[in-house]
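Trainee: Take a look at the following structure, please.
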DNA sequence: AGCGGAACCTGTCGGC
DNA sequence: TGCCGACAGGTTCCGC
């Protein structure tokens, strides 16, 4: 489900809701594969902890707890966080309930159970955070980084932009949109892109992500904000999911191809 | 190094 | 109505 703008939206809303609140108990309705490691240890390490902050790294949500400890969550395709008043019993795809001192419940809900929840005493202990590439909205996001990193790479640019070891936060929807605005064909070899190509990619990546964050993300089917509202960026998508529809620039039908077992949408006329 | 394919799960949709 | 395949915003692992 969520890419950077959706995760950022959830992080901001959770931060607003739960900072200062604390966990009184944890109920797990479905263990595998969501909660990593020992269940008792997971519950024990969280009980009594106070939420200091919620931040984002790549597509991970990081709950900063006091005394020092971290709950790291990944929503994968269908994960959601919901803050709710007490419920009589878990509904639908509720997987974990974090009972809060305020009397509310923070619910982790996940239809497909791909999401993950992990607890660490130190952020550096998390293996998943170690290998990540640069944040696309940071100063590290510049053409020299990509020119150096992709020197003579034959990988397709679509694949490279999805690779979280290179640059984080982008997923299948936004990569199609970024390459369309950049007028770059998704199958171009990353190693042959010129400085001016990277400059375009970087500009449009940042523009699109910022616009999407302003719109609270993109809701195609499942994505919901903490308050159950939808994002609104879907109305600005130009190619994703528009197979056979007219390109907004040139009217030629948008094409769908498969790269890395995933759909890519692009305009063969506009993107070279 | 980097491909393709499968796997992790559940749900929806379209075709026959 | 029912069955079957394709597909879904992500990531990892395995073999070649």
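Readers should treat all values here as calculations from the given coordinates under stated rules, not as data from a laboratory. Keep in mind that what you see is a predicted model, and the values were worked out from it rather than measured. Here the Cβ positions follow ideal geometry from the backbone for every residue, glycine too, while neighbour counts run over all protein chains shown.
Trainee: Once you have the alpha carbon radius of gyration of segment A:16-74, what is it after dividing by 2.2 N^0.38 Å, with N set to its residue count?
Mentor: 1.12
Trainee: Based on the Cα atoms of chain A, what semi-axes does the equivalent ellipsoid have, where each is the square root of 5 times one gyration tensor eigenvalue, given in whole Å with the largest first?
Mentor: Equivalent-ellipsoid dimensions as semi-axes: 36, 20, 15 Å.
Trainee: Okay, moving on. Can you compute the radius of gyration and Dmax for segment A:1-109, using only the Cα atoms, both in Å?
Mentor: In Å, with Rg to one decimal and Dmax whole: 12.9, 35.
Trainee: Mind grabbing the base-10 log of I(q)/I(0) for segment A:115-176 at q = 0.15, 0.19 Å⁻¹? Debye formula, identical points on the C-alpha positions, no solvent, two decimal places.
Mentor: Relative scattering, expressed as log10 I(q)/I(0), comes to -0.57, -0.83.
Trainee: What is the gain in length, in nm to one decimal, between residue A:137 and residue A:235 on full extension, counting 0.36 nm per residue of separation less the C-alpha to C-alpha distance?
Mentor: 33.0 nm
Trainee: Note the per residue figure in Å³ for the convex hull of the C-alpha positions in segment A:147-224.
Mentor: Output value, Cα hull per residue: 90 Å³.
Trainee: Another question, if that's okay. Cα gyration tensor of segment A:36-189, axes a ≥ b ≥ c as square roots of the eigenvalues: rounded (a/c below 1.5), prolate (a/b > b/c) or oblate?
Mentor: Prolate shape, in that a/c is at least 1.5 and a/b is the bigger ratio.
Trainee: From largest to smallest, what semi-axes in whole angstrom does segment A:202-256 give when each is the square root of 5 times an eigenvalue of its alpha carbon gyration tensor?
Mentor: 24, 15, 8
Trainee: Further, regarding this structure: Distances longer than 15 Å among the Cα atoms of segment A:229-270: what percent of all pairs is that?
Mentor: In whole percent, the share of Cα-Cα pairs in segment A:229-270 beyond 15 Å is 44.
Trainee: Going by alpha carbons, how many degrees (0 to 90, nearest 10) lie between the helix axis of A:195-214 and the longest principal axis of chain A?
Mentor: Between the helix axis and the principal axis of chain A, the angle is about 40 degrees.
Trainee: While we're here: Relative to the longest principal axis of the C-alpha atoms of chain A, give the angle of the C-alpha long axis of helix A:172-182, reported between 0 and 90° and rounded to the nearest 10°.
Mentor: 30
Trainee: For residue A:77 and residue A:154, FRET efficiency with R0 = 41 Å and r from the beta-carbon atoms, rounded to 0.05?
Mentor: Efficiency at R0 = 41 Å is approximately 0.90.
Trainee: When a/c reaches 1.5 or more, the comparison of a/b and b/c decides; with that in mind, is segment A:72-149 rounded, prolate or oblate per its Cα gyration tensor?
Mentor: prolate
Trainee: Still on this structure: Using only Cα atoms, find the angle between the long axis of helix A:4-18 and the longest principal axis of chain A, and express it within 0 to 90 degrees, rounded to the nearest 10.
Mentor: 20
Trainee: For the pair residue A:24/residue A:47, report the inter-label distance in nm, with labels modelled 7 Å from Cα in the Cβ direction.
Mentor: Output for this residue pair reads 1.3 nm.
Trainee: Further question: Work out Dmax and Rg for segment A:124-272 from the C-alpha atoms and quote the Rg first, both in angstrom.
Mentor: For segment A:124-272, the Cα-based Rg and Dmax read 15.6, 51 Å.
Trainee: Once every DSSP H run of n ≥ 4 in chain A is given -39500 (n - 2.57) and the sum is divided by its residues, what mean residue ellipticity at 222 nm do you get, rounded to the nearest 500 deg cm²/dmol?
Mentor: For chain A, the value works out to -7500 deg cm²/dmol.
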